[in-house]
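J.: Once you've had a glance at the structure underneath, I'll fire off some questions.
The values are calculated or read from the model by the stated rules, or taken from the named source; none is laboratory data. Please read all numbers here as calculations on a predicted model, not as lab measurements. Note that we place each Cβ from the backbone using ideal geometry, even for glycine, and neighbour counts take in every protein chain shown.
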Amino acid sequence: MPDHLVKATPRGDLRLRAASRLERTGGAAGAKSSAAKATDALAVLHALASSPDTAADALALLHELQVHQVELDLQAEELRESRAELEVALRRQVELYDFHPVGCFSLDRTLLIREANLRGARMLGIEHDEARGLPIDTFFTTDSLRALQHLIAKTGRGGYASGTLRWRDANGLEPAVRVEVSPAPSGDGCFVALMNIEDI
């Protein structure tokens, strides 16, 4: 409990006295469950309330504990609400990413795919969950791979780069694709978006 919730009294610090008594009555308190510790704490509080010398202070302490419990309950409720809002926002972002009409890829520094959206996996001719760990360079022609590496190098200096490259699609064709590259916010890798020229 925060120190400011319990005031010192002329008869000494009630909190320290309560803690001391709790230690004496608790025995192996470290091995007890939270419920058992709470029961012990209530027993100490009851004992303090039963003594004429400490009854008023015990009642004040009980009130402070109740206020603190309500504060904790309110904080827990706010955390639950925040978590629910974050989960909704995350679902919305995942849907926006996965169902984007452009192939989107998150690459590491060695051009291995960390993530791909549904459209990107379809462009690779694989299932969505199979994209992770594949080298994206195998899906470009030799010249286009060099161009892609050049675009990625440009984003390494900050900013954004784009160009038109040749992509080896799932049917073995080499359509022209518009490639847009941006650095990952973490600074480790990059994001690549691909769009068939015919779709533009």
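J.: Which condition does His128 not pass, out of (1) farther than 27 Å from Glu95 by Cα; (2) surrounded by fewer than 17 Cβ atoms within 10 Å (Cβ to Cβ); (3) modelled with pLDDT of 85 or more, if it passes all the others?
T.: Among (1) farther than 27 Å from Glu95 by Cα; (2) surrounded by fewer than 17 Cβ atoms within 10 Å (Cβ to Cβ); (3) modelled with pLDDT of 85 or more, the lone unmet condition for His128 is (1).
J.: Search segment 152-165 for residues being touching a Ser or Thr at 6+ places or on another chain (Cβ under 7 Å) and either at pLDDT 90 or above or among the aromatic types (Phe, Trp, Tyr) (or both), and hand back the single one that is surrounded by the fewest Cβ atoms within 10 Å (Cβ to Cβ).
T.: Going through the qualifying residues, I end up with Tyr160.
J.: Are any of the residues in segment 93-113 within 27 Å of the chain's Cα centre (by Cα), of a type in the set (Ser, Thr, Tyr), assigned by TED's automatic domain parsing to the domain that holds Asp188 and part of a loop (DSSP other than H, G, I, E, B)?
T.: Yes: one or more hits.
J.: Being among the β-branched types (Val, Ile, Thr) and in contact (Cβ under 8 Å) with a residue 12 or more places away in the chain is the filter; apply it to segment 73-115 and report the residue that is nearest to Thr155 (Cα to Cα).
T.: Result: Thr110.
J.: Of everything in segment 166-200, what is of a type in the set (Val, Ile, Thr) and surrounded by 12 or more Cβ atoms within 10 Å (Cβ to Cβ)? Give them in sequence order.
T.: Val177, Val179, Val181, Val192
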